[in-house]
Amino acid sequence: MTRTGVSLACHRQGTGDGTPVVLVHGGGVDSSFFAATAEILARRRVVVSYDRRGYGESGDPADGDWSTNAQVGDLAAVCEAAGAGGRVVLAGHSLGGGIALWLAEAQPGLIGALVLHEPVGWEGPGSAEGRSADWAAIARLAASGDTTGAIIAALRLQGEPDPAAPPLTEAEVAHVDRNLATMVTHDVAGIAGGVDLGAVRIALQGIPVGVSSGELSRGTAAETAGAAVATALGCPLTVVPGAHNSPRDRPERFARLADQLAAAQHAVEPDTPEKEAMTTPQPTGSRGVR
């Protein structure tokens, strides 16, 4: 797919009548992050993952546009293609979750369900508190030319890694240097303006939403950001095995949450193929407990 002159590497797999899932990766990785999750979900539905601009096999913007609006426009185009005119289950991790929230605010009609794991970046640079201040410091390191220092600082924000995480695959290693450089030199600097979570909650009224956080992420800035999103959107914060990268390291739980949300879209429709005997996440606007 090409959008505004940027080639976006999209990966489509799976078949079935289930609502398509679009996976949005975070910073410092590419779509290979979701390889195991996509394989599980593709057993019953179409799954589309893509490399965000500047990541993996996607191109850099010739006009230098790394802005939030450009990222949201890319994601909207992927969702429109994946959904073939219908809605999609939108699943985002880390900064990918933040971009998903921006899309939910701008074009909620594309979203049939939303699942996020420790979404970050949605705060924007306007706040002088918490993670926004951390990312502002990382942006200053990158702007000064200290890319290595910026990468190390960014990785520290994720907390301790999951000791049970599988080793990096060949696909993940292929673009690791470029991916990390894009994160600290473009993603961080390109974030502009925060998401109005109140507006998102209204826009997604009745749309199933789920937010998860890794059990090993307790006390980290990523957990705090995710908990804030869950509270603002009125949905449960689901604690899952693993850490910040749980969708990669332990994909079964994240995939099941996405399936649950897809099923919840049709909770009032009889004989839908996506209904199954499982606990269904609550639509936005309902109260949940951690």
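Which one of the conditions (1) more than 13 Å from the chain's Cα centre (by Cα); (2) not in a loop (DSSP other than H, G, I, E, B) does GLY59 fail to meet, given that it meets all the rest?
For GLY59, the failing item is (2).
Need pairs with beta-carbon distance below 6 Å; first residue under 18 Å from ALA154 (Cβ atoms) and among the hydrophobic types (A, V, I, L, M, F, W, C) and within the range 219-248, second open to solvent by less than 10 Å² (accessible area, probe 1.4 Å) and part of a helix (DSSP H, G or I); sequence gap 6+ or separate chains.
Within 6 Å, the pairs are ALA243/SER217.
So, ALA84, is that one open to solvent by 10 Å² or more (accessible area, probe 1.4 Å) and out of contact with any Phe, Trp or Tyr (no Cβ under 7 Å at 6 or more places or on another chain) or not?
In short, yes.
May I ask you to list pairs of residues, at least six apart or on different chains, whose Cβ atoms are under 7 Å apart, with the first in the range 49-78 being closer than 23 Å to LEU110 by Cα and among the small types (Gly, Ala, Ser) and the second being at pLDDT 95 or above and in a helix (DSSP H, G or I)?
Note: pairs meeting the criteria are SER49/SER31; SER49/PHE34; SER49/ALA38; ALA76/LEU103; ALA76/LEU110.
Give the residue, chosen from LEU101, LEU23, LEU114, that is in a helix (DSSP H, G or I) and either surrounded by 19 or more Cβ atoms within 10 Å (Cβ to Cβ) or at pLDDT 95 or above (or both).
Details: LEU23 fails: in a helix (DSSP H, G or I); LEU114 fails: in a helix (DSSP H, G or I).
Only one candidate qualifies: LEU101.
Condition first: at pLDDT 85 or above and assigned to a loop (DSSP other than H, G, I, E, B). Now tell me which residues in the range 162-197 satisfy that.
ASP162, PRO163, ALA164, ALA165, PRO166, PRO167, LEU168, THR169, HIS175, VAL195, ASP196
Does ALA76 meet the test of being touching a helix residue (DSSP H, G or I) at 6+ places or on another chain (Cβ under 8 Å), surrounded by fewer than 21 Cβ atoms within 10 Å (Cβ to Cβ), more than 25 Å from ALA181 (Cβ to Cβ) and modelled with pLDDT of 95 or more? Write out each step before concluding.
Numbers: touching a helix residue (DSSP H, G or I) at 6+ places or on another chain (Cβ under 8 Å): yes; surrounded by fewer than 21 Cβ atoms within 10 Å (Cβ to Cβ): yes; more than 25 Å from ALA181 (Cβ to Cβ): yes; modelled with pLDDT of 95 or more: yes.
In short, yes.
Can you name every one of the helices (runs of 4 or more DSSP H) wholly within the range 204-269 that holds 3 or more residues which are open to solvent by less than 40 Å² (accessible area, probe 1.4 Å) and within 18 Å of GLY18 (Cβ to Cβ)?
Filter on the range 204-269 gives 251-264.
Residue pairs, Cβ under 7 Å, 6 or more apart or interchain, first in the range 94-117 and more than 14 Å from GLN265 (Cα to Cα), second of a type in the set (S, T, N, Q) and in a helix (DSSP H, G or I). List them.
Every condition considered, the pairs that remain are ILE99/GLN71; TRP102/THR68; HIS117/SER246.
The values are calculated or read from the model by the stated rules, or taken from the named source; none is laboratory data. Everything numeric in this text was worked out from a predicted model, so none of it was measured. All Cβ positions, even for glycine, are placed from backbone atoms using ideal geometry, and neighbour counts span all protein chains on display. Side chains included, ligands, DNA and RNA excluded: accessible areas come from the protein's heavy atoms. Shrake-Rupley method; radii C 1.70, N 1.55, O 1.52, S 1.80 Å.
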